[in-house]
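Structure record follows, encoded as structure tokens.
The values are calculated or read from the model by the stated rules, or taken from the named source; none is laboratory data. This is a predicted model, so every value here is computed, not measured. Counting neighbours? That spans all protein chains shown, and the Cβs are built from the backbone with ideal geometry, glycine included. Heads up: the accessible areas ignore ligands, DNA and RNA and are worked out on the full protein's heavy atoms, side chains in. Shrake-Rupley method; radii C 1.70, N 1.55, O 1.52, S 1.80 Å.
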Amino acid sequence: MQRVKLSPQIEVSQLAYGKWRLTDDPDMSVEHIRNKLAACLDQGITTIDQADIYGGYQSEEILGNALRGTALRNQIEIITKCDIIAPVGRHRKARVKYYDTTRAHILASVDQSLQLMAIEHIDLLLLHRPDPLMNHFETGGALDELVVSGKVRAVGTSNFHPYDWQLLQSAMKTPLVTNQIELSVLAHEPLTNGDVAFHQMNATPIMAWSPLAGGDLFAARNQTLLDLLSRIGSQQGADAAAVAVAWLLAHPARIIPVMGTNSIARIERLSDALTVSIDRQTWYEIYTAALGHEVA
């Protein structure tokens with residue numbers, strides 16, 4: 001599997017494995033978590049995507065339990081995120097869901113993530129959501145501080161628009177290296193609203209969360225699109241999901257799909273997307289089906 005260089009300090013696998021729905025799995029045993037990681041590594045998927053809030057603030061600890069006493073940490077890159085405060089888990093006393101990009105919260109969140117995952121550094125820290133109340137000098141300074149300290153190797157954002165990105169970057173010495181956004185055959189607006197173009201222009205690879213639209217791709221209302229993806233896949237020995245991911249990989253912006261599934265059988269086939277060839281007309285055929293009409 002190809003590697004994507006985000007900065008001189010870090011590179012990631014072309015596909016990432018996401019832990020968003022880790023706690024939806026009825027089996028959260030250490031052995032099962034390790035088996036899922038092994039299934040990723042067997043394909044060259046070394047990048048693991050986390051967030052402090054995943055699983056009601058439980059996912060990081062579950063991963064940490066699986067990493068303890070193994071050599072797995074040395075084989076993977078760990079991404080995690082911070083800044084969302086939701087009234088669940090350790091923040092259950094919060095009166096409202098909100099974002100916290102203050103220096104104190106970011107530093108404390110990173111320390112807790114390191115402890116829960118039983119690791120000495122985070123490979124990539126992302127701010128999870130844009131904070132309308134963000135003091136970009138304070139937030140940017142905190143991120144710079146974390147990189148200098150060695151607790152974090154690189155920093156980026158999630159769900160930021162170009163203007164959010166530019167505001168934060170303007171107050172930082174450390175370069176932001178990626179932005180993780182919702183992007184799929186169905187959630188294709190970033191391809192035309194400037195989000196993807198901005199990062200393509202600045203040569204910052206994009207991470208795509210929910211590349212299968214959170215499973216919505218397989219809903220009955222999307223049957224026409226699904227039939228097309230299945231037909232294209234059947235010609236190349238792949239399924240519709242692999243074709244949908246290959247559609248993202250075919251874009252020149254260097255998109256890194258973040259794949260999330262708890263099925264080991266599905267994990268074992270994540271790299272099928274790399275075997276699917278999407279030429280220009282096929283790409284537009286899929287795009288047209290997603291739009292529901294031909295391009296203007």
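A compact table of results
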{"quantity": "Heavy-atom accessible surface of region 149-234: percent carbon and sulfur, 1.4 Å", "calculated": "54 percent"}
{"quantity": "Rounded to the nearest 10 Å², the accessible area of residue 42 at probe 1.4 Å", "calculated": "130 Å²"}
{"quantity": "Solvent-accessible area per residue for region 119-214 (1.4 angstrom probe, square angstrom)", "calculated": "40 Å²"}
{"quantity": "Length-normalised contact order of region 51-202 in % [C-alpha pairs under 8 Å, at least 6 apart]", "calculated": "19 percent"}
{"quantity": "Value of Rg/Rh across region 157-253 [Cα atoms, Kirkwood radius]", "calculated": "1.07"}
{"quantity": "Folded to 0 to 90 degrees: helix 136-149 orientation relative to the chain principal axis, Cα", "calculated": "80 degrees"}
{"quantity": "Mean Cα-pair separation over length for the chain, i.e. relative contact order, pairs under 8 Å, 6 or more apart, %", "calculated": "17 percent"}
{"quantity": "Descending semi-axes in whole angstrom, ellipsoid equivalent of region 33-165, from the Cα gyration tensor", "calculated": "25, 17, 14"}
{"quantity": "Hull shadow area, averaged, region 209-257 [alpha-carbon convex hull, nm²]", "calculated": "3.5 nm²"}
{"quantity": "Ranking by accessible area, most exposed first, for 20, 209 with a 1.4 Å probe", "calculated": "20, 209"}
{"quantity": "Angle in degrees between helix 103-117 and the longest Cα principal axis of the chain, rounded to the nearest 10", "calculated": "70 degrees"}
{"quantity": "Cα-based Lys proximity count in the chain, under 18 Å, for pairs eight or more positions apart or on separate chains", "calculated": "5"}
{"quantity": "Prolate/oblate/rounded call for region 13-55, Cα gyration tensor, a/c under 1.5 rounded", "calculated": "oblate"}
{"quantity": "Relative contact order (percent, whole number), region 186-296, Cα cutoff 8 Å, 6+ residue spacing", "calculated": "30 percent"}
{"quantity": "For residue 4, net neighbour charge (Lys/Arg +1, Asp/Glu -1) across residues whose Cβ lies under 14 Å away", "calculated": "-1"}
{"quantity": "Computed magnitude of the charge dipole of region 33-88 (debye, nearest 20; Cβ of K, R +1, Cβ of D, E -1)", "calculated": "220 debye"}
{"quantity": "Region 52-128: radius of gyration over Cα atoms, expressed as a fraction of 2.2 N^0.38 Å", "calculated": "1.11"}
{"quantity": "Cut-off under 5 Å, modelled amide H: who pairs with residue 18 long-range", "calculated": "49, 259, 260, 261"}
{"quantity": "Inverse mean reciprocal Cα-Cα distance (Kirkwood Rh) of region 1-91, Å", "calculated": "13.9 Å"}
